[in-house]
1. If I filter the stretch B:48-66 down to residues being facing another protein chain (nearest Cβ under 10 Å) and in a loop (DSSP other than H, G, I, E, B), which single residue comes out as least open to solvent (accessible area, probe 1.4 Å)?
2. Looking at the stretch A:157-196, which of its residues are charged (D, E, K, R) and either open to solvent by 10 Å² or more (accessible area, probe 1.4 Å) or touching a residue at least 12 places away in the same chain (Cβ under 8 Å) (or both)?
3. Has the stretch A:233-240 got at least one residue that is open to solvent by less than 30 Å² (accessible area, probe 1.4 Å) and either in a loop (DSSP other than H, G, I, E, B) or out of contact with any Asp or Glu (no Cβ under 7 Å at 6 or more places or on another chain) (or both)?
4. Could you identify the single residue in A:Asn198, A:Asn259 that is polar (S, T, N, Q) and either in contact with a helix residue (DSSP H, G or I) (Cβ under 7 Å, 6 or more places away or on another chain) or at pLDDT 95 or above (or both)?
5. So, in the stretch B:99-117, how many residues would count as being assigned to a helix (DSSP H, G or I), within 19 Å of the chain's Cα centre (by Cα) and not hydrophobic (A, V, I, L, M, F, W, C)?
6. From the residues in the stretch A:200-233 that are touching a Phe, Trp or Tyr at 6+ places or on another chain (Cβ under 7 Å) and away from every other protein chain (no Cβ under 14 Å), which one is nearest to A:Arg262 (Cα to Cα)?
7. Give the residues of the stretch A:293-321 that are under 19 Å from the mean Cα position of the chain (by Cα) and of a type outside the set (A, V, I, L, M, F, W, C), sorted by residue number.
Amino acid sequence: MKQASIVALAIVGLPAAGLCQDPDALRKQVDDLSKRVEELEDHAAKTAERTGGRALLQAFSADSLDFGGHVSSLFTYMHGENGSDAGHFVTLVELFLKAQVADSWSVFAAPGFYLFNGGLLDNPGTTTITGDPASIEDDSSESRMFLSRVYSQWVAGDWLQVQGGIVGSPHGTTNREYFIPARNIAIGNLHTRYFLANQLYPQQLLGGRLSGKQVLGEGGDRIEYDAYFGVEDDSPSDGIGGARIAYVFNDLGLAVAANYGRGTREGFPSQPVSSPTPFFTANVPVLQSPFTGRFNRTRDYEFAGIDVDWRRGDFVSKTEAYYSAEEDVADQKALSTEWAWFFASQWALAYRFDYYDAGADLDPLGLGVQQLGHATEHVVGLSFLPNDAVKIRVDVHHLELPNTRDTVDFVNLSWSLSF
Amino acid sequence: MRKLAMLTVVLFLCAPAVPVAAEVQSPQPPPLESYAVVVNASNPSKETGDAAKKTVKALFLKELTRWADGVEAKPYDRGAKAPEHTAFLQDVLGMSPAELARHWLRMKNMSGVTPPMDVDTDRILLRHVERHDGAFGVVKASAAKVPGVRVLFEFKAAR
């Protein structure tokens with residue numbers, strides 16, 4: 001009976017003891033709980049705003065799915081001989097899909113859509129005719145779909161990542177960044193100007209790529225490497241391969257890389273000399289390059305080069321220099337240096353100088369070897385970034401054509417919206 | 001007359017004390033808020049000082065993806081306007097908001113890498129860090145002492 005009384009007292013007394021707690025402490029607990037409830041309500045409201053009443057995306061068996069992309073458009077105005085003008089308009093849409101399918105496995109794909117409309121510059125068909133090129137009205141329209149990146153990736157760690165599929169080559173500075181929204185000047189440097197082509201080094205390939213990095217010491221300096229082997233989509237019987245090794249000075253924001261590669265560049269199919277319209281002519285400005293994206297003559301090549309990427313606060317500098325030994329024809333040489341200054345949080349000023357000697361090639365009719373010569377280009381660009389997703393650029397180009405002293409001036413207005 | 005002289009002396013002696021008292025009473029700047037970079041309690045990282053900051057910076061910016069023991073890093077960010085984010089940006093990353101935005105634009109377009117997920121509150125961030133071995137993020141130092149989480153290093157907000 002005595003024991004039961006004690007239990008009863010305890011039952012009655014415990015809540016009473018709680019009630020007798022310091023009121024300030026109780027108030028603090030209540031305030032704390034109220035704050036937590038408010039936080040959870042805010043969080044729930046934010047989540048609801050993002051999803052609305054829609055069903056959430058299901059990613060089949062993937063652990064996560066990232067979806068993004070960009071829309072980039074470029075309008076060009078070119079001033080030609082005798083006051084002739086031409087313009088063209090290019091729009092590019094690329095979607096990014098990345099699915100994490102397991103801890104170390106992911107898939108990345110970037111299907112793209114390309115649309116070109118406008119007139120072209122008409123340069124003299126041979127390099128011996130002087131005079132600035134005239135612009136003609138050559139209404140042309142072209143659209144295509146392409147896959148610039150489709151690969152599966154296995155990650156062993158920072159020291160080893162393996163990609164297989166359609167992968168980018170690791171060479172160069174602009175080429176490494178590839179997707180246009182990252183660029184301060186919309187179009188690539190002269191030796192990578194042709195979209196996904198292999199002018200001096202391949203921009204992409206079908207095959208495998210190994211990448212990795214290793215931190216050295218507490219300073220954070222690291223060594224990065226890339227190696228690849230594969231083929232190009234239009235010449236599956238010709239292997240290409242290469243490698244890049246870089247040293248990154250962490251505190252300086254400086255990366256210095258050495259590059260090497262070799263392979264075969266497939267030429268255009270042979271054609272009869274009597275053909276009224278050769279498959280491709282050489283040394284004619286097509287779009288914004290004085291060179292073609294592909295050579296007439298098939299040749300083996302072996303290239304080496306260095307690239308330097310320096311990012312320090314509001315300054316970005318990218319420089320690359322490459323030399324390619326071409327079988328049986330003159331060698332190729334390229335230099336590109338770009339300097340950008342983000343002089344305000346939303347504005348950047350950029351300058352780029354390109355030099356590209358494309359070596360030599362069979363002439364369009366296959367009758368002999370033609371020196372393609374070298375071109376140089378100065379570009380001054382202004383970028384405006386109204387927010388993190390939008391970049392608007394105006395670039396002024398002064399292009400000196402090969403084998404003559406003729407020049408082309410043009411202005412590119414471009415914008416990229418990425419999401 | 002003697003009283004007047006004494007009063008004058010007293011006033012003279014007291015006069016300098018008035019501005020001093022005013023100075024003492026003037027509002028002092030608030031103390032600098034302390035923040036902590038927190039990791040999962042199982043994280044074996046022993047780095048301190050600048051070395052720890054450099055590691056956290058590389059992992060947050062996704063230039064590296066693994067802690068030294070091989071565990072995949074899982075960084076969390078705070079909202080762009082959160083004081084934790086601002087302090088982390090200044091003291092640990094040493095970057096401006098525009099520079100950080102350019103970094104993520106470049107990373108996304110080079111390799112499909114996305115920025116860390118934003119987390120609204122200290123408590124939710126701590127919950128994420130507690131749940132994932134490689135997770136880390138920044139919270140107010142006063143909020144950091146919870147089970148399953150440990151402080152890798154603390155820093156103060158720059159003025």
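The values are calculated or read from the model by the stated rules, or taken from the named source; none is laboratory data. Since the model is a prediction, treat every value here as computed from it, not as a measurement. No Cβ is skipped: glycine too gets one built from the backbone with ideal geometry, and neighbour counts run over all protein chains shown. For accessibility, only protein heavy atoms count, side chains too; no ligands or nucleic acids. Shrake-Rupley method; radii C 1.70, N 1.55, O 1.52, S 1.80 Å.
1. If we take residues in the stretch B:48-66 being facing another protein chain (nearest Cβ under 10 Å) and in a loop (DSSP other than H, G, I, E, B), then B:Leu64 is least open to solvent (accessible area, probe 1.4 Å).
2. Initially, the stretch A:157-196 is screened for residues charged (D, E, K, R), giving A:158, A:176-177, A:183, A:193.
Residues satisfying the conditions are A:Asp158, A:Arg176, A:Arg183, A:Arg193.
3. So far as the stretch A:233-240 goes, no, none of its residues is open to solvent by less than 30 Å² (accessible area, probe 1.4 Å) and either in a loop (DSSP other than H, G, I, E, B) or out of contact with any Asp or Glu (no Cβ under 7 Å at 6 or more places or on another chain) (or both).
4. Details: A:Asn198 fails: either in contact with a helix residue (DSSP H, G or I) (Cβ under 7 Å, 6 or more places away or on another chain) or at pLDDT 95 or above (or both).
Selected residue: A:Asn259, the only one of A:Asn198, A:Asn259 that is polar (S, T, N, Q) and either in contact with a helix residue (DSSP H, G or I) (Cβ under 7 Å, 6 or more places away or on another chain) or at pLDDT 95 or above (or both).
5. As a first pass, look at the stretch B:99-117 and keep what is assigned to a helix (DSSP H, G or I): B:99-111.
The next check asks that each one be within 19 Å of the chain's Cα centre (by Cα); those that pass are B:99-100.
Within this subset, residues satisfying the condition of being not hydrophobic (A, V, I, L, M, F, W, C) are B:99.
Total meeting the criteria: 1.
6. A:Tyr201
7. Across the stretch A:293-321, the qualifying residues are A:Gly293, A:Asp307, A:Asp309, A:Arg311, A:Ser317, A:Lys318, A:Thr319, A:Glu320.
For every residue, the table says whether it meets (1) in contact (Cβ under 8 Å) with a residue 60 or more places away in the chain; (2) open to solvent by 10 Å² or more (accessible area, probe 1.4 Å); (3) more than 13 Å from chain A (Cβ to nearest Cβ).
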{"position": "B:Ala87", "(1), (2), (3)": "yes, no, yes"}
{"position": "B:Ser96", "(1), (2), (3)": "no, yes, no"}
{"position": "B:Arg102", "(1), (2), (3)": "no, yes, no"}
{"position": "B:Thr121", "(1), (2), (3)": "no, yes, no"}
{"position": "B:Ile124", "(1), (2), (3)": "no, yes, no"}
{"position": "B:Asp133", "(1), (2), (3)": "yes, yes, no"}
